[in-house]
1. Could you work out how far apart the two model spin labels at Asp154 and Glu175 are, taking each label as a point 7 Å from the Cα in the direction of the beta carbon, and quote it in nm?
2. How long is the gain from Glu143 to Asp98 if the chain were fully straight, where each residue apart is worth 0.36 nm and the alpha carbon distance is subtracted?
3. Applying 1/(1 + (r/R0)^6) with R0 = 35 Å to the Cβ-Cβ distance of Ala77 and Glu56, what FRET efficiency is obtained, to the nearest 0.05?
4. Do the sum for the chain: with -39,500 (n - 2.57) for every DSSP H run of n ≥ 4, divided by all residues, what is the mean residue ellipticity at 222 nm, to the nearest 500 deg cm²/dmol?
5. So how strong a dipole does the chain carry about its Cα centre when Lys and Arg Cβ are +1 and Asp and Glu Cβ are -1, to the nearest 20 debye?
6. Under a point spin-label approximation (7 Å from Cα along Cα-to-Cβ), what is the Lys183-Gln252 distance to one decimal in nm?
7. Between Thr122 and Glu230, with labels modelled 7 Å along Cα→Cβ, what's the label distance in nm to one decimal, could you check?
8. Build a GNM of the chain with springs between Cα atoms under 10 Å: which of Lys126, Lys72, Lys12 gets the top mean-square fluctuation?
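The values are calculated or read from the model by the stated rules, or taken from the named source; none is laboratory data. Remember, predicted model here, so these are calculated numbers, not experimental data. Please note: Cβ atoms are built from the backbone with ideal geometry, for glycine as well, and neighbour counts cover all protein chains shown. Surface areas here come from the heavy atoms of the whole protein model, side chains and all, with no ligands, DNA or RNA. Shrake-Rupley method; radii C 1.70, N 1.55, O 1.52, S 1.80 Å.
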Amino acid sequence: MGKTHTIAVAGKGGVGKTTTCGMMIEYLCRHNDGPILVVDADANSNLNEVLGVEVETTLGDIREEMAQAELKGGIPAGMTKADYAEMKFSSALIEEDDFDMLVMGRTQGKGCYCFVNGVLKTQIDKYVNNYRYMVIDNEAGLEHISRGTLPHVDTMLLISDCSRRGIQAVGRIAEMVRELELKPGTMKLIVNRAPNGELNAGVREEIEKYGLELIGVLPHDDLVYEYDCEGKPSSKVPDSAPVKVALAQIMQKLGF
């Protein structure tokens, strides 16, 4: 297997970022583009629900356990810190038929987590080589990428709804990407929930103002809302649904 291609999705809360991310994962699975490692790096995200996956433990939980074990000497006798970390880490890996998933969980509490974060990075670096794709659902602040916990990003996708404020928010994320010198291979904008899949002239103006590259527009789709209300994984809406058709076109444009 060649180098893992890392896709990172970012945007402010409430714009349908996680649902879009879930649909991308579902697209890659459907096209047998696996194996895929899915990382939920947004503490407020519910990517597991969008994908229909149960989560028992997060890396945040393990980080806390390890920090406590290191503090109180709770690492089992005869086991190195690295072995203990590996054992714990493997318990957080959710294995599905088409993808594996890691949930980063909450940001840490007080105290020094340098060692634990270092272990976390080592483990992710080791695991990621087993996958063709790594798909990361990020929070707007890109905390795990900017810290270097997660690998370099090949494709950065900024998700906004079709409001000027939404575009302004992703414009700020794009500025942060440049300021942090993250240098993704490519960075594109997807506008979500557009009435009839069409953008208002004022929104297009805002996109140009921030120098964002629009790769595609996803239409508002009532079926996504219905699935969500009924507790069904919203990534599983039929392939014939307008939002899925538009997303497939975007994925093809991106070369996936």
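1. 3.1 nm
2. Details: separation 45, 0.36 × 45 = 16.20 nm, distance 2.71 nm.
Separation in residues times 0.36 nm, less the Cα-Cα distance, equals 13.5 nm.
3. On the way: r = 26 Å, r/R0 = 0.75.
Given R0 = 35 Å and the Cβ-Cβ separation, E is 0.85.
4. Values: 10 runs with 109 residues, N = 256.
Computed mean residue ellipticity for the chain: -13000 deg cm²/dmol.
5. Roughly 820 debye, rounded to the nearest 20.
6. Spacing of the two 7 Å Cα→Cβ label points: 3.4 nm.
7. So the label points at Thr122 and Glu230 sit 4.8 nm apart.
8. Lys72
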